[in-house]
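The values are calculated or read from the model by the stated rules, or taken from the named source; none is laboratory data. What you see is a predicted model, and the numbers here were worked out from it, not measured in a lab. A quick note on method: Cβ atoms are made from the backbone with ideal geometry, for glycine too, and the neighbour counts reach across all protein chains shown. Accessible surface areas use protein heavy atoms only, side chains included; no ligands, DNA or RNA. Shrake-Rupley method; radii C 1.70, N 1.55, O 1.52, S 1.80 Å.
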Amino acid sequence: MKKKYIIYLFLFITTFSCNNDDSNAELSNENEITNIIFNYNDNRLEIAVDPLSKTINKTLPTAWDITNMSAQFIISDSATLSPDPSTISDFSKPITFTVTAQNGEKSNYNLVISKLPSDDRDIISFIIQNKETKISSNINSDSNTIEQRVPPHVDLSQLSINYKISKNASISPDPSTIKDYSNPVSFTVTSESNETKTYTTNFKIMDEEAYYSCTERSASVMIGAVKQASEYFNVGLGQSLTPDNDIFLQTYSILFSRPFVFVSENGETEEYAGDATLRLQLRNENGFILNFKDFTFNNPMESLWREFDLSNLNIILKKNTLYHFTWYIVDGEQLKITSSNTSSTQLYASSFCNGQGLATPLGSSSDTMLEEWGIWNTFDWHFNFKLSGLK
């Protein structure tokens, strides 16, 4: 009986060992990276991975930022990958990825990413600064010149420059170390690929008068308090323009068709005798307020032209750039006073005068609402205005 027991035990161990070997044999030993998909912004690039190579070298286009992109890995079925690529955005340094097969066997891949060196070598911005003025210079990429006329109060021998150049490029000499631009100064920009481009400055003082007058009139539009039902609403107006030269803005004038009036308790229209504040705002093409000026005057007005002195604001209007001038009576709905601004319904001979008119609709009753660009509407009338400065 003892021998028989030993034989049975041997058979059991042999059978168990065979079953265990069969179980291991069912687990996959595949641990390969077959493809990698790189993504940057809207760009997608897929590469096939050589199964015999454990180092993956890939050079990406210049425009790709390899410090801020993503990658997807296609690996063997039932295998796992470490580290998780979804947690990685910076591929500028070599990364080792480990693929673990179902049966536990591991395979390491070294991913080395680079990109083609950029040949970009541009001066993107060149900003002149002093205590009172900040001017973005005109950069001509065709002639490689940096040109700007500056107001008379700017000393060309004592400038501070803030600049921006192409990414990964260098510039010599450093513009921020140079103060005297009264004579041309040359700068060499060197790209990442070692290509060069030389720019030369040409700065002059604005010494020519710039005067624009848009005074043809055929209509008028109400400004100030407009009554609808039993409620007063404050209406603002405005005019867009695009200068054909850089202009150091000194004055901006608006023409009214009549003095301000109000409706008395007995229903009669009477001239308003008191102070009123007209607010003029300069906005960029997106409606952002760049600057403003208030003008408080006594009614009835001696002159229907209201001239704003803007010389102390140090405003430079850049050529070929869209601006919006908007204006309204501060607290007009509370004062309950109204007037109108004159305009032309026809095109002028000068394109400078043909910018679109602007107006706020009824329902925009508070000054705070009038600050919001979203409520302003455009229409094809052209308000009368005068503008003066230096160019």
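Entry for the chain at q = 0.06, 0.08, 0.11 Å⁻¹: log10 I(q)/I(0) = -0.49, -0.69, -0.92, Debye formula applied to identical alpha-carbon scatterers, no solvent contribution.
Calculated accessible area for the range 236-391 comes out at 43 Å² per residue, all protein chains present (probe 1.4 Å; ligands, DNA, RNA ignored). The Kirkwood radius of the range 208-273, taken over pairs of alpha-carbon atoms, gives through the Stokes-Einstein law at 25 °C and 0.890 mPa s a diffusion coefficient of 158 µm² s⁻¹.
In terms of packing, defined here as the mean over residues of other Cβ atoms within 10 angstrom, the peptides 289-298, 224-233, 144-153 line up highest first as 144-153, 224-233, 289-298. Per residue, the accessible area of the range 151-234 comes to 56 Å², computed with a 1.4 Å probe over protein heavy atoms only. A helix-only calculation puts the chain at -2500 deg cm²/dmol for mean residue ellipticity at 222 nm, using -39500 (n - 2.57) for each DSSP H run of at least four residues, averaged over all residues. If the chain linking Ile178 and Ser82 were pulled fully straight, counting 0.36 nm for each residue of separation and taking away their Cα-Cα distance, it would gain 29.4 nm. For the range 258-285 versus the range 356-381, the spacing of their alpha-carbon centroids is 17 Å.
Just the number, please: carbon plus sulfur as a percent of the accessible area of the chain, 1.4 Å probe, no ligands or DNA/RNA counted. Numbers along the way, then the final one.
Details: 10030 of 21080 Å².
Carbon and sulfur: 48 percent of the exposed surface of the chain.
Only beta bridges with both residues in the range 240-383 are counted; by DSSP, about 100 percent of them are antiparallel. When the alpha carbon gyration tensor of the range 314-391 is reduced to an equivalent ellipsoid, the three semi-axes, largest first, read 25, 16, 13 Å. Segment Ala349..Thr215, full-extension length gain: 47.1 nm, with 0.36 nm per residue of separation and the alpha-carbon distance subtracted. The residues of the range 23-120 present an accessible area of 58 Å² per residue when probed at 1.4 Å with all protein chains retained.
Please give the length that would be gained between Thr67 and Arg258 if that part of the chain were fully extended, namely 0.36 nm times their separation in residues minus their C-alpha to C-alpha distance (nm, one decimal).
Details: separation 191, 0.36 × 191 = 68.76 nm, distance 6.36 nm.
Length gained between Thr67 and Arg258: 62.4 nm.
Given a cut-off of under 8 Å on Cα pairs at least six residues apart, what relative contact order in percent is computed for the range 148-305? Can you show the working numbers first?
Values: 197 pairs, mean separation 23.1, N = 158.
The value is 15 percent.
Just tell me which lysines come within less than 21 Å, Cα to Cα, of Lys106; anything on the same chain fewer than 8 places away is out. Straight-line reach from Lys106, under 21 Å: Lys54. Mind pulling the angle between the C-alpha long axis of helix 2-25 and the longest principal axis of the chain? Nearest 10 degrees, somewhere in 0 to 90. Here the helix axis deviates by roughly 30 degrees.
Taking 51 Å as R0, compute the FRET efficiency from the Cβ-Cβ separation of His153 and Leu45 and round it to 0.05. It would help to have the intermediate numbers written out before the result.
Values: r = 54 Å, r/R0 = 1.06.
FRET efficiency, His153 to Leu45: 0.40.
Over the Cα atoms of the range 133-280, each weighted equally, I'd like the Debye log10 I(q)/I(0) at q = 0.10 Å⁻¹, rounded to two decimals. Relative scattering, expressed as log10 I(q)/I(0), comes to -0.62.
Sorting the segments 276-285, 159-168 by their mean number of nearby beta carbons within 10 angstrom, highest to lowest, gives 276-285, 159-168. In µm²/s, what is D for the range 89-136 at 20 °C and 1.002 mPa s, where D = kT/(6 pi eta Rh) by Stokes-Einstein and Rh is the Kirkwood radius from Cα pairs? D, rounded to a whole number, is 133 µm²/s.
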